[in-house]
Structures are given as structure tokens and as C-alpha cells.
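The values are calculated or read from the model by the stated rules, or taken from the named source; none is laboratory data. Treat the numbers as computed from the prediction; the structure is a model and nothing was measured. Backbone-built Cβ (ideal geometry, glycine too); neighbour counts: all protein chains shown.
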Ligand SMILES: Cc1cc2nc3c(=O)[nH]c(=O)nc-3n(C[C@H](O)[C@H](O)[C@H](O)COP(=O)(O)OP(=O)(O)OC[C@H]3O[C@@H](n4cnc5c(N)ncnc54)[C@H](O)[C@@H]3O)c2cc1C
Ligand SMILES: Nc1nc2c(ncn2[C@@H]2O[C@H](COP(=O)(O)OP(=O)(O)O)[C@@H](O)[C@H]2O)c(=O)[nH]1
Ligand SMILES: [Mg+2]
């Protein structure tokens, strides 16, 4: 009997595992095709998850039924919260993971899931027959049949690695690149672009003098991303059974990271050898990230800055690899050595792997719908770095969305698409498909115009309806969220009604420096998650209400759907540029149309008249 | 029905027309706004039946802006099918503009070109065939408007907007950087002096807003009011300067009962000349009104020409007027010098005066150059190419200022946990200016952050 998969996922990075887990958990018969089985879930760069804005994505995924949050919490070796003082909206967790346990655990999860086959192969072609997806073809000439396809091949498309003057083909260091697949995309008529990113060298733990650096211990209790780890932590005293899914009690025995800095000497060495840097010798055409500058970039562009931070981060509990965060470069090996040795504490550092830069193809994401299905080819979805993003979290977010949508497509249901007014993942999707990107796209809180509402602390509450629809999250968890939503509003109302010395407890809680625990009439035994929401809702009520109003305003225009049948050439009065852009992006609604660069408010109002006209026909 | 949640307003009569001007308000708040700005015998506009009109005054607190007639139209029986109020006021742009501005301050938004028509269509008031025409109208109007906007934005003004935008963005970038990146990566003291910086930006913003006041002079002309006793020759002066017959000239005192505005250019400077009803005590109702209005005009005018008849002695009435006149902005014109001169120049109090005879066309050149000189001295026309901001720009700036004030207030609370909220206000503030300069907040912000701070690994 021929085996036809419901969903084929190509690539097992963070986008790939989320896509395949979501699809199979929703009951679809799924294949995860990847070059190397043992590399499933590999962290290409620093094994750290979260940080500003990215943390929000991770929490949202946990709320929807993704895996990355749990995987991080259960394999984390140092947990921190950033931005604790700047208000709840921009607070973010960051965890340093154990690189090898991270991947072991995700592989164990995949092994546990029904309906999910792993196929080790290098995909060379998207197989299309009579205009419909048949599946994929592999380099060994095999054919894998499937109804829908999620491609999540990361940095592998025509990957080209640079170390100093040397360059060679590869998807990551020591891994094969995917060359033919790029041609398959080109043959299908997709626009590809080229980007670059880089990674620092890895150093041997025992060769580093940590005494010369500033110790950065983890936080206790550890700030977890996932509900599940939080629950486990609450029963910390109970003896826990260790399994591949839970290598140690989450958050236990945290390990420090360290802080050091570059010196004048470091800068001299780099200046002197700039010509030898692959980037500065003009060898790399791909566009790099402004916000992850290589050390060459930092020194050239910020000459007046005397020193730069270097975070010295262990890659695992028992691993000897140390990641000197902040020294990403594409210098020749000998210069890298000299440069690293000029940093306090790294004078005798022994190199395990050199740093390198990598260039790769990406698919212009304006060729996608919000569901991440391509506009050109039905049932073909793209997710992760292939869409021009960078970062594990961004990849995981897209992978999840693509996996869910592949299944919904097969069921003939409406796509699952998050709005930018309700989640960071929504912002990510909308930015990608509406504006495209010409540099690796990374999430920032400033990208989310409604970030005051899109907090990591309320992700579960904001997204519960979606979680219900997707149906991966257990019923009891959903019930828990729904109960808490009621408790929160009951408690807020109760505090409004209790007066003490002439002022309500609600008013009292609003005072800076006053917390729930300080209230005379607090309710004993109230769950801490509920307390947090009560505190935030009361303390920032005015600000939050205003933001809600903005959202409602925004949603009005978002709610004005543009029919698929629209023919932009027929619309009188549109300017040429606007017409061309609209034809290219095919926005779903007027809100999205207004965000396309080159479409001005007048174009939007003309469009709105036209839509009304179609509607009334 | 298709619901719009905001209320829009605009002058719907073509500019420069004499007679009546109409300001239209449409949307859910139309009656509320009407009640605020329009005072009449009870009941107030919102309580009046549909399709009625009422006489009253547009009043800002105690100050009468204009007398006017207000028309009440209730949804869906109106042009836009929304609640609509139309205020008919005196012709010429000035009254209508002041009224509109007050309406905008009371909660309406300035309608975009063609927006009333667009709403009419969206609400099904006009049919599909007409819709095609609407598209053309919207398009044509906006083209013209944007061409005009571009013209205005060239040179000085655009630079001023840019500076303001950049300054605000810089502060915003400093704050945003601390939100999106760890402080370890950022220069020390980046959050210092933010308050001071914002206050100084607000000052610039205020200044830019005030150029609207100056700007409208160049766009619409500096307003010059001609007053004087009836029959001294005011209408004749207007007609002579215009070179055609416009105001009714008659030898019966008090013929010009209404104010008449005309545009003309002297020495390249656009002027709006206002011929008023004479200034004199009168018992006639209509005339009294005209005189009141004259007084109001004089207060708002950029320059005031007071005309005296040389053939008549200076009586007590003229004397009191002369005393009240401010030297800077007014000019005394002594007309009819062709007749016997009964004027006692001592009574002119050394005020600047010009002698002329309109009948003989004497003294006209002197008058022209005198007008220009006065305007220049009064600062109305500075010599630099002038920054002119439009009504739309002014509204955006006002909006921007409101947000900025909020941000400053929050900063003053000195609570670090409000940082994200401050930055959200700043963002709105900047976005409003961005609507003038056509810049995208997010792109500009990230560019600013990354070009100034070395962040990331
Ligand atoms: C050198 C380097 C440096 C980086 N630096 C940073 C950084 O500084 N900051 C940051 O935020 N992010 C960085 N990243 C990015 C981050 O690692 C990625 O964004 C993230 O891993 C992308 O996830 P993904 O799932 O899209 O793809 P990947 O994690 O790249 O996974 C791709 C998967 O697809 C498989 N695959 C590829 N082609 C085929 C094929 N033809 N057939 C079958 N399987 C295939 C691969 O085996 C792999 O499993 C860096 C990445 C690299 C490589
Ligand atoms: N002799 C003489 N008559 C003038 C002169 N200017 C205006 N008049 C006449 O004065 C009368 C009143 O003029 P008008 O402009 O209507 O005065 P107004 O009431 O101030 O507007 C008309 O009959 C004019 O012809 C002038 O310079 N000399
Ligand atoms: Mg007259």
C-alpha cells in the first residue's frame, strides 16, 4: 500500500519540530524529513532561549500547545528575568539551556508522539504534479508522498560558510547544505534573497579563568516559560522521577554565566586584520543583522566605544564548550585566537571550534499568506529562517502556525491566523507577509504597537480561545485558565467594594510600592498567577484601558475583509505603485493593506469604497 | 448600515466665496459638538426636531465667534445618513475657519478630501454609478491636496518638522533601547535628562503650532480691516484697490451692512481686505449687528485702516476711536482731500496718517507701500521664506502635543515601571508628526537605535 502522509515537514530545527509535533498531535499522519536524525532540535548558535520580545513568543507557544517552552524549562541550566523594573509589558525571561539535553529531550518527545515518523534524507525537490503537491523527492531519488508540505530548512538553502579567507558549502558547520532545493523553489517561480549570520568560536571550559570575570548566577525561584515546569516546581519537594523528558528537576542546580569585556588590544587586533575578515574583504553579499553585529562590525561602526561586553556562557551542565557571546566574527583562525586571547579571563582560552559566518538563501516572505501557506502553491507552507527570520523563538512560532494550518487545510477549515493586536506571533506573521524583510528579522517589543497588552504574564489568558480551537492543550489546562479568568475579575471587583479608612482596597493597591500581599483584606490562598493579573490589572488600569480602546479601533479596520476575487486593475484611482504593491501582497483586510509600504491612506480609502461596492452587488 | 465611529467636520463651501459659508459636521458626535459650540434659544440643537433650523451664535465661552444659522439633520435622513449639523455663517473664509477650528477642538476630526461623499456612499446614500464618480473625486481632490502639501513642505517647514521628528525619535529610541535591550549594553545615563529634553521639544512643538497663526496669513492673506464712519469712502477704497466694482458705493450712510472680503496682492503679498459696516452708534438692529461684527474683526485683524473724511471736523466719536487705536497695527487714512479740508491734524496725536483723495486717485501708491511696511514691522511678514502649516498639520501637531504632554506627566511621576507606557505615548506623539512627514515609526526607530548603540551579541 502506498504511504501518503497528511503532512510532510522538511527540516528538524525549531520550526520543524514545532510543525511536526503540532500536526501529529492534532491527529495528522506526519513525516519529519531531515538530513540527520541526531541533529533534530540542534541549536545552531548559543543555547539560550528567550530574552526581550522572544520570551513573549515562547510563552505564547506554551499557551497554544507548542513544545519549545517546556523543552527550555526542562533542560535549562540558568534562568533569569530581564527588565524587571520597566513594567510588566517588557519583562522577559531568558534561559541558558544544556545544548545536548535540549536536543535529546526534543528527540524523546518526538519519539513518544503517535503518528509521527522520522525520515532521514536530504530533500532535493518539491514534487508537484498537475499543479498540486505530491510530496518531496530526496537526493537519493526517493519519493515521499504527502498532501501538505511544511518546509523549514533554516540556513541550509545554498548555505555558504566563511572562515577568514576560506569559504565552503554547508548548512551549518560540519553539515551539508541543501543546494538543489533552492533550484526547486526558483523553478516554481519563487523569489529568493540572500542573508547572512554568524557565530562566535567555542572555547574549552577548563582553559578559562573565571575569577577574572563577573559572576552572573541564575534566579531562584527560576522564572519558567511553561505552565508544566511551574507546576513541577510547586511540587519540588516531592521526589521526581527523572526520565529523558525530565533530565533533572527543572530549575535545580543552576550554573552561572560570566561577564567580561574586550580591551584596547582586542580592537587593535581586529583593526589590523580587517582586510582578512570575510565580511570586510567584501566576500559576503548576504545582508547581516543590525542587531547581532559581528565583532568586526561593532568595532568599525562604534569606534568611540572603548570596550564591548563579552558574556561567557556554558553550553551545558557537563559540556566543556563555552560560548563567548559577543565575539561572532568571520576572521581567519589565527586572528580569532589572537583576538580572543586579548580578553580578560580568556588569555589562555583553548579553541574547540572557530567562529564563522554563513550566507544562505531565503524566500521572500511576502509570497506567503498569514497562515504561512504560499500564495503560489496550495498546501505548501514555509516556516522558520527560510522566511528571512533569525532566532529559535521566531522559527518555533512559525513552525507551530504552519503545522496547525497544514492540518486545518486538510480538514477544510479556516486557517488559524493570529492577529497583531493579540499576540507577538501575530506581529511576526503580519510583518513578514506584509512588509517582507531584507535583513534577518528578529522580534522586538517595539514592533508590537499594542505591547502593553501583549505581555508574557497574560499569554495564557489572551490566547485561550485559540488554544481551545487547536485542541492540543489538555482540557484541564483550559479549564484552569477559564477559572482563573473568572477569579481575576471577581477579585478585582471584590477589592473595589472593600473600603478601609475611607479608600477602597483597589485604590490602595494602585499605589506605587503596594502589592497584593500588603493588603489588609487580601484573600488567603489566592493563586499566584491570579494575584499577578489582579495586581497588573489594577495598577495599570488606566493605561491598559486606553490601549484596549486603541486595539478596538485597530480591529475595526482589520475587520474589513478584502475579498479574494478583487481585481486591483479594475479599481479606478489607485496609484500605480499602490496597485502593484497590492497585487503583490494581496492583503487580507484593510488594516494589512494600510501597512504595506507604498500604499497611502487615500489608496486605502479608495479600496474601502471599492470593497463596499463589491459587497453591495 | 456601515458605521463610522468618529465625527468629521469641514468647510463645505468653496473658499473665497462671499455670502454664506457652511461648516458641516457629520457623525455620532455631531449633536454633542453642536450643543457645545452653538448657543441659541432653548431647546439646544440636539433636542430640536430633524430638518429644522435655528438662529444663534457660535460661542467659545463668552466670546462670540459669529452669528449663524444651524441646520439639524438626523440619521438616516441626511447626506451622509449620519447625524449631520450644518452651520451657516458669514461668508469669507475667516468666520468659517474659526468656527471649524473650534469644532475640531471640541472633538471632531478634520474630514479628508471627499470624505462626506465617501460616507454617503458607504452608507448607501448614493448608488453604484455615482460611486465611480466618488472615486474620481476622492482621487482628484487628494492629488491636489497632496501637491499642495508637498509644496508647503518644501524648504524651511519640512526641515522644522524633520528636526522635531528626529528629536522626539531620539528620546524615544533612548527609552525603547532600554526596553528592548539590557542596560549593560547601553551607554550609562541614557535615561537621564529625558524630562528636560521632552520639555524643550514641547517648546519647539508649540512654536511650530504657532506658525499656523502666522502661516494662515500667507495662505489666506493678511487680514486688513477698513473701518470708519459711514460714508467716508471705505467701499470706494476697496473698489479702487481691487480695480472693480464690488462693494456697493452709495452716499447714503450705512449702505454697507455686511462685511465684504476680497483677496488681492500687493507687492507679492496676498491680502484679505475687509470692508466693514461703518463704526457708529446706531439704533437699527441689523446695522448694530454689522457694527459688532466690525469690532470683532478689528480684534482679529492683522492691520486696521481707519478712515476719516477730511471735509468733516473731528468730533468726539472719532477722537475716542483714535485714542483706542494701537499705533503698530493701524493706519489713519484721511480721504476726500479734494474737498475743503476741515481737519485739525493736531488731534491725530502724531499717529501715522496718509492723506488721499480717492476721487482723484491721489495717495494710492503711498497707501500701498505704507500697508506693506506696517505688516512687515508688525512681524506679520518676516523676511525669511515663511513656514506655513495647514489646518491638517496643525491638528496633527495638536494631537502630537497632547500625547507628548501625557508622556511628560507620566515621566514626572518618576516611576520606572511606567517606562513602557511613557514610550507608548511618545510613539503616538511621533506617529502624528510622521503623518506629516510620511515616516514610518518602527523603521525609523530601529534604524536610530542600531546606528547609535552597539547592541546585540
Ligand atoms: C551560524 C549561525 C549563527 C546564528 N546566529 C544567531 C544569532 O546570533 N542570533 C539568533 O537569534 N539566531 C542565530 N541563528 C539562527 C537560529 O539558529 C535560527 O534562526 C534557528 O535555528 C532557525 O530555525 P529553523 O528551524 O528555521 O532552522 P534550523 O534550525 O537551521 O534547522 C534547519 C533544519 O532543516 C534541516 N534541513 C535543511 N535542509 C534540508 C533538506 N534539504 N532536507 C532535509 N532536511 C533539511 C536541517 O538538517 C535542520 O534540521 C544562527 C544560525 C546559524 C547557523
Ligand atoms: N469728493 C470725494 N468723494 C469721495 C471720495 N471717496 C469716496 N467719495 C464718495 O463718498 C461717498 C461714500 O463712499 P462709500 O465708499 O460708499 O463710503 P463708505 O460708507 O465709507 O463705504 C460716495 O458717494 C463716494 O463717491 C473722495 O476722495 N472725494
Ligand atoms: Mg460702504
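Structure above, values below:
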item	result
Members of the range A:294-307 found to be surrounded by fewer than 22 Cβ atoms within 10 Å (Cβ to Cβ) and part of a loop (DSSP other than H, G, I, E, B), listed by number	A:302, A:303, A:304, A:305, A:306, A:307
Residues satisfying the stated conditions in the range A:415-442, i.e. at pLDDT 95 or above and assigned to a loop (DSSP other than H, G, I, E, B)	A:415, A:416, A:423
Residue match in the range A:347-357 (condition: within 22 Å of the chain's Cα centre (by Cα), assigned to a strand (DSSP E or B) and surrounded by 23 or more Cβ atoms within 10 Å (Cβ to Cβ))	yes
Selection status of residue A:53, within 14 Å of chain B (Cβ to nearest Cβ), buried (at least 24 other Cβ atoms within 10 Å of the Cβ) and in contact (Cβ under 8 Å) with a residue 60 or more places away in the chain	yes
Residue within the range B:109-116 that is crowded, with 20+ Cβ neighbours inside 10 Å, within 30 Å of residue B:274 (Cα to Cα), modelled with pLDDT of 70 or more and in the same structural domain as residue B:30 (by TED's automatic domain parsing) present	yes
Test set (1) part of a loop (DSSP other than H, G, I, E, B); (2) out of contact with any helix residue (DSSP H, G or I) (no Cβ under 9 Å at 6 or more places or on another chain) - residue A:225 fails condition number	(2)
Tally of residues being more than 16 Å from residue A:260 (Cβ to Cβ) and out of contact with any strand residue (DSSP E or B) (no Cβ under 8 Å at 6 or more places or on another chain) across the range A:332-356	3
All positions within the range B:320-338 that are at pLDDT 85 or above and either away from ligand 3 (no atom under 16 Å from the Cβ) or in contact with a helix residue (DSSP H, G or I) (Cβ under 8 Å, 6 or more places away or on another chain) (or both)	B:331, B:332, B:333, B:334, B:335, B:337, B:338
Subset of the range A:124-151 [crowded, with 24+ Cβ neighbours inside 10 Å and under 16 Å from residue A:192 (Cβ atoms)]	A:151
Residue A:326 being within 16 Å of ligand 1 (Cβ to nearest atom), within 14 Å of another protein chain (Cβ to nearest Cβ), under 16 Å from residue A:262 (Cα atoms) and surrounded by 17 or more Cβ atoms within 10 Å (Cβ to Cβ)	yes
Residue list for the range A:251-278, restricted to those being farther than 20 Å from residue A:323 by Cβ and touching a strand residue (DSSP E or B) at 6+ places or on another chain (Cβ under 7 Å)	A:251, A:278
Verdict on residue A:438 being within 14 Å of chain B (Cβ to nearest Cβ) and either within 16 Å of ligand 3 (Cβ to nearest atom) or over 17 Å from the mean Cα position of the chain (by Cα) (or both)	yes
Residue among A:484, A:468 that is surrounded by fewer than 20 Cβ atoms within 10 Å (Cβ to Cβ), closer than 28 Å to residue A:82 by Cα, away from chain B (no Cβ under 14 Å) and free of Cβ contacts under 8 Å to residues at least 60 places away in the same chain	A:484
Residue list for the range B:46-80, filter: surrounded by 19 or more Cβ atoms within 10 Å (Cβ to Cβ) and farther than 30 Å from residue B:298 by Cα	B:48, B:72, B:73, B:78, B:80
Helices (runs of 4 or more DSSP H) completely within the range B:339-457 that count 2 or more residues being more than 11 Å from chain A (Cβ to nearest Cβ) and either out of contact with any helix residue (DSSP H, G or I) (no Cβ under 7 Å at 6 or more places or on another chain) or at pLDDT 75 or above (or both)	B:364-377, B:391-412, B:419-437
Selected residue [in contact with a helix residue (DSSP H, G or I) (Cβ under 7 Å, 6 or more places away or on another chain), within 14 Å of chain B (Cβ to nearest Cβ) and on the phi < 0 side of the Ramachandran plot] from A:123, A:90	A:90
The range B:209-240 - residue that is in a helix (DSSP H, G or I), more than 15 Å from residue B:276 (Cα to Cα) and modelled with pLDDT of 60 or more and, of those, nearest to ligand 1 (Cβ to nearest atom)	B:209
Residues located in the range A:497-521, provided they are under 38 Å from the mean Cα position of the chain (by Cα) and not in a helix (DSSP H, G or I)	A:511, A:512, A:513, A:514, A:515
Scan of the range A:176-218 for residues that are under 30 Å from residue A:258 (Cα atoms) and under 23 Å from the mean Cα position of the chain (by Cα), ordered by number	A:196, A:197, A:198, A:199, A:200, A:218
Failed item in (1) farther than 30 Å from residue B:194 by Cα; (2) modelled with pLDDT of 75 or more; (3) within 14 Å of chain A (Cβ to nearest Cβ), with residue B:73 passing the rest	(3)
Qualifying residue in the range A:233-250 (condition: in a helix (DSSP H, G or I), closer than 27 Å to residue A:65 by Cα, without any contact (Cβ under 8 Å) to a residue 24 or more places away in the chain and away from ligand 3 (no atom under 16 Å from the Cβ))	yes
For residue A:521: the one exception among (1) surrounded by 14 or more Cβ atoms within 10 Å (Cβ to Cβ); (2) in contact (Cβ under 8 Å) with a residue 24 or more places away in the chain	(1)
